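Engineer: This is the structure I want to talk about, given as structure tokens.
The values are calculated or read from the model by the stated rules, or taken from the named source; none is laboratory data. These figures come from a predicted structure and were not determined experimentally. In this analysis, Cβ positions are derived from the backbone assuming ideal geometry, glycine residues included, and neighbour counts consider all displayed protein chains. Each accessible area value is taken on the protein alone, full model and side chains, heavy atoms only, with ligands, DNA and RNA left out. Shrake-Rupley method; radii C 1.70, N 1.55, O 1.52, S 1.80 Å.
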Amino acid sequence: MRIVQLLTATTVLAVIALGAMAQQAADTVAPEADTGISAKPPVIAQRRMVVSANPHATRAGLEVLRKGGTAADALVTVQTVLGLVEPQSSGIGGGGFLVWYDAKTGEITTIDGRETAPATATNDLFLGPDREPLKFFDAVVGGRSVGVPGIVRLMELIHKRHGKLPWDSLFGSAAKLAEDGFAVSPRLAGLIAYDRDRLFSQASTRSYFFDTAGNPLQEGYVLKNIDYGESMRSLAQSGPDAFYTGAIADSIINAIQLHPGNPGELTVEDLTAYRAKERDAVCAPYRDYEVCGMGPPSSGALTVGQILAMIEPFDLAELGPNDPVTWRIIGDATRLAFADRGRYMADSDFVKMPSGLLDKDYLASRSALLIRQDALPQEEVKPGEPPWDKAELRLEGAEFEMPSTTHFVIVDDDGNVASMTSSIENAFGARQMASGFLLNNQLTDFSFVAERDGQAVANRVEPRKRPRSSMSPTIILKDGKPVFALGSPGGSNIIPYVAKTIVALVDWKMNPQEAVSLPHLTNRFGRYDVEEGTIAEALAPDLEAFGFKVAARSLNSGLHVVAFTEAGLEGGADPRREGLAAGD
């Protein structure tokens, strides 16, 4: 077997920088701007830092911190600005998850702002008249796919707990930028052009994302959003309830229920009933660290924790990032973890899950399957039998989780840390706008099929249930103190992106910028995807020799990382997107 020559991390990055052009992940809807992958050094700061997917959002959040605000205050500003300048990825019409480190108590908590299904939702929500599952975009475009947005309630909860600045002071940046206008970025322009047919087919997105001649907005076009500015000022003046009642709520319901071709069932009562939930963090050991993230309805922390536990017995530090054996181990560990994810993980308020998904002995038995010289045959990649408190049979479903998501990290002067991933699911969500923002299509993260042979699928549609997610906001502790905070967009690829980045930080001692710039190799369901245009493609022959099917694909993450070092804070922003790390 040919073994790729081991290179240092710096050399890898230099090779990437010579010609890599990363595009949108292959199983999403659109290409990215040709930003390339750079080997720039990490951003270093002493007291505070913001890393987000857009410079406008990063700078606005940093300004909040400079005024004495906490990470909770800055979070509100960063999210509302992102919803304007990066509307295809997240916004107040969507949902998300937050992992929070409280510097005063040393505790990690998580807040679930995931969308919920309407109270009237049934198992056949995404079945056609023939009782067969709808095609993905037939389900997405319109009102049917829209869940109750949760971001505003998440912002409300974290601000009440940890904010210092007045709520009404946190929306000015987004309001002013909406009313004055902002230049359409290369990435947004490219995504509009790629999705032009679906966006043009819907009245609200046609009027916003196209010029008067019917052409997609071009890079540099100054885009104003007066409706969004009014929504921001309404939220500032009247508080979070202004989103779930009154004019904004009416516009949401009208967009959903009055859609001419694909109406939805969400009601004002669904909006007013929504609550963000504080949940216990899910923490898993790795080497000398504690990796903490979001539990169900996110599958992120559990699946990342399983992957890390299975690879821990192997000396990845010695193997390094360029040995194909490293990726055989990580790839097969990911496949095994995804098998458990597909069968067992869902909204734990509705579905009983095995208590032992992170059980040490159980994962040791799964890790033992990786002690071999070749890839696991597909027939051997199946869910395990983790310990249960009370066993409940579950079957895999049929989901179409697509990546249109964002991640940001904020560290304030007091040492509080916010690691947050938010999303509207597919790029441009349901392609419906209300009061200046896009509505999500998160209900398509449910399984379209509710049962097989009379047995229930864990992630089936149920009233007021939250669909399973792969979002993996993460904070890593050592001796009770934060050492890394990270996360990424990317659909179900979020999980291998985050797991790989943790290995890069912990085992390969990369700085944050090196770690987020490292080429991607992911294997969730059997096919090994390697990031095209990078040195990862050189590993393809060796992976094929192991028995994997390999495809060079565009794998567009949006990894953002902050590391806590003796010298201060180090930030890295994924160069595949338009992110910025900044601090003082």
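Per-residue answers, yes or no, for (1) closer than 23 Å to Thr444 by Cα; (2) small (Gly, Ala, Ser); (3) free of Cβ contacts under 8 Å to residues at least 40 places away in the same chain:
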position	(1), (2), (3)
Ser472	yes, yes, no
Ile476	no, no, no
Phe484	no, no, no
Pro489	yes, no, no
Ile494	yes, no, no
Thr501	no, no, no
Leu505	no, no, no
Asn511	no, no, no
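Engineer: Where residues in segment 295-326 are touching a strand residue (DSSP E or B) at 6+ places or on another chain (Cβ under 8 Å) and under 14 Å from Asp507 (Cα atoms), which of them is surrounded by the fewest Cβ atoms within 10 Å (Cβ to Cβ)?
Structural biologist: Only one residue fits best here, namely Glu312.
Engineer: For segment 360-371, name all the residues that are assigned to a loop (DSSP other than H, G, I, E, B) and surrounded by 15 or more Cβ atoms within 10 Å (Cβ to Cβ).
Structural biologist: Quick first cut of segment 360-371, residues assigned to a loop (DSSP other than H, G, I, E, B) only: 369-371.
Within segment 360-371, Leu369, Leu370 qualify.
Engineer: Go through segment 403-416 and give me each residue that's within 18 Å of Gly293 (Cβ to Cβ) and either surrounded by fewer than 24 Cβ atoms within 10 Å (Cβ to Cβ) or polar (S, T, N, Q) (or both).
Structural biologist: Result: Thr405, Thr406, Asn416.
Engineer: Look at Pro575 and say whether it is surrounded by fewer than 24 Cβ atoms within 10 Å (Cβ to Cβ), under 26 Å from Leu65 (Cβ atoms), touching a residue at least 60 places away in the same chain (Cβ under 8 Å) and under 21 Å from the mean Cα position of the chain (by Cα).
Structural biologist: Yes; evaluated as a whole, the condition is true for this residue.
Engineer: Now for a different question. Do we find that Gln442 is modelled with pLDDT under 95 and among the polar types (S, T, N, Q) in this structure?
Structural biologist: No; evaluated as a whole, the condition is false for this residue.
Engineer: Could you check Ile158 against (1) touching a helix residue (DSSP H, G or I) at 6+ places or on another chain (Cβ under 6 Å); (2) assigned to a loop (DSSP other than H, G, I, E, B) and say which number it fails?
Structural biologist: (2)
Engineer: Applying the selection to segment 178-200, what residues are part of a helix (DSSP H, G or I) and out of contact with any helix residue (DSSP H, G or I) (no Cβ under 6 Å at 6 or more places or on another chain)?
Structural biologist: Answer for segment 178-200, where residues must be part of a helix (DSSP H, G or I) and out of contact with any helix residue (DSSP H, G or I) (no Cβ under 6 Å at 6 or more places or on another chain): Asp180, Pro186, Arg187, Leu188, Ala189, Gly190, Leu191, Ala193, Tyr194, Arg196, Asp197, Arg198.
Engineer: Give just the number: which of (1) touching a strand residue (DSSP E or B) at 6+ places or on another chain (Cβ under 9 Å); (2) surrounded by fewer than 23 Cβ atoms within 10 Å (Cβ to Cβ); (3) modelled with pLDDT under 95 does Ala22 not satisfy?
Structural biologist: (2)
Engineer: What single numbered condition from (1) open to solvent by 30 Å² or more (accessible area, probe 1.4 Å); (2) closer than 21 Å to Val184 by Cα; (3) in contact with a helix residue (DSSP H, G or I) (Cβ under 7 Å, 6 or more places away or on another chain) fails to hold for Arg59?
Structural biologist: Against the list (1) open to solvent by 30 Å² or more (accessible area, probe 1.4 Å); (2) closer than 21 Å to Val184 by Cα; (3) in contact with a helix residue (DSSP H, G or I) (Cβ under 7 Å, 6 or more places away or on another chain), Arg59 comes up short only on (3).
Engineer: Would you kindly identify the helices (runs of 4 or more DSSP H) lying entirely within segment 269-346 that contain at least 1 residues that are within 24 Å of the chain's Cα centre (by Cα)?
Structural biologist: Correct list: 300-311, 324-344.
Engineer: Among the residues of segment 442-454, is there at least one that is over 26 Å from Gly229 (Cβ atoms), β-branched (Val, Ile, Thr) and crowded, with 24+ Cβ neighbours inside 10 Å?
Structural biologist: The answer is yes; a qualifying residue exists.
Engineer: Select, from Gly571, Gly583, Gly526, Gly547, the only residue that is among the small types (Gly, Ala, Ser) and under 18 Å from Thr501 (Cα atoms).
Structural biologist: Sole residue among the options that is among the small types (Gly, Ala, Ser) and under 18 Å from Thr501 (Cα atoms): Gly571.
Engineer: Taking the condition of a type in the set (Val, Ile, Thr) and either within 16 Å of Val152 (Cα to Cα) or touching a strand residue (DSSP E or B) at 6+ places or on another chain (Cβ under 6 Å) (or both), does Ile253 pass? Please lay out each step first, then the result.
Structural biologist: Values: of a type in the set (Val, Ile, Thr): yes; either within 16 Å of Val152 (Cα to Cα) or touching a strand residue (DSSP E or B) at 6+ places or on another chain (Cβ under 6 Å) (or both): no.
Considered against the rule, which asks whether it is of a type in the set (Val, Ile, Thr) and either within 16 Å of Val152 (Cα to Cα) or touching a strand residue (DSSP E or B) at 6+ places or on another chain (Cβ under 6 Å) (or both), Ile253 comes out as no.
Engineer: Test Ala236 against the criterion of being under 16 Å from Leu154 (Cα atoms), open to solvent by 10 Å² or more (accessible area, probe 1.4 Å) and out of contact with any Pro (no Cβ under 7 Å at 6 or more places or on another chain), and give yes or no.
Structural biologist: yes
Engineer: Also, quick follow-up: Hey, can you tell me all the residues within segment 244-263 that are in a loop (DSSP other than H, G, I, E, B) and closer than 15 Å to Gly93 by Cα?
Structural biologist: Filtering segment 244-263 down to residues in a loop (DSSP other than H, G, I, E, B) leaves 245, 258-263.
Selection gives Thr245 alone.
Engineer: Filter segment 408-426 down to the residues that are at pLDDT 95 or above and either over 25 Å from His159 (Cα atoms) or among the charged types (D, E, K, R) (or both) and list them by number.
Structural biologist: Within segment 408-426, Asp412, Asp413, Asp414 qualify.
Engineer: Looking only at segment 279-288, filter to residues that are exposed (fewer than 15 other Cβ atoms within 10 Å of the Cβ) and closer than 20 Å to Ser470 by Cα; which one of those is modelled with the lowest pLDDT?
Structural biologist: Asp280
Engineer: Does segment 462-483 contain any residue that is open to solvent by less than 10 Å² (accessible area, probe 1.4 Å), of a type in the set (Val, Ile, Thr) and more than 18 Å from the chain's Cα centre (by Cα)?
Structural biologist: no
Engineer: So, Ala582, is that one outside any loop (DSSP other than H, G, I, E, B), touching a Lys or Arg at 6+ places or on another chain (Cβ under 7 Å) and of a type in the set (A, V, I, L, M, F, W, C) or not?
Structural biologist: On the way: outside any loop (DSSP other than H, G, I, E, B): yes; touching a Lys or Arg at 6+ places or on another chain (Cβ under 7 Å): yes; of a type in the set (A, V, I, L, M, F, W, C): yes.
Yes: the conditions hold for Ala582.
Engineer: Here's something else I'd like to know. What about Asn459, is it open to solvent by less than 10 Å² (accessible area, probe 1.4 Å), under 22 Å from Leu82 (Cα atoms) and out of contact with any His (no Cβ under 6 Å at 6 or more places or on another chain)?
Structural biologist: In short, no.
Here's the yes/no breakdown for (1) modelled with pLDDT under 95; (2) open to solvent by 20 Å² or more (accessible area, probe 1.4 Å); (3) touching a Ser or Thr at 6+ places or on another chain (Cβ under 9 Å):
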residue: Thr80; (1), (2), (3): no, no, yes
residue: Gly96; (1), (2), (3): no, no, yes
residue: Thr105; (1), (2), (3): no, yes, no
residue: Thr109; (1), (2), (3): no, yes, no
residue: Asp124; (1), (2), (3): yes, yes, no
residue: Phe137; (1), (2), (3): yes, yes, no
residue: Val146; (1), (2), (3): no, no, no
residue: Ile151; (1), (2), (3): no, no, yes
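Engineer: Is there any pair linking a residue in segment 167-194 that is closer than 22 Å to Ser231 by Cα and acidic (Asp, Glu) to one that is open to solvent by 10 Å² or more (accessible area, probe 1.4 Å) and assigned to a helix (DSSP H, G or I), with Cβ under 6 Å and at least six apart or on different chains, and which?
Structural biologist: Close Cβ pairs satisfying both conditions: Asp168/Ala236.
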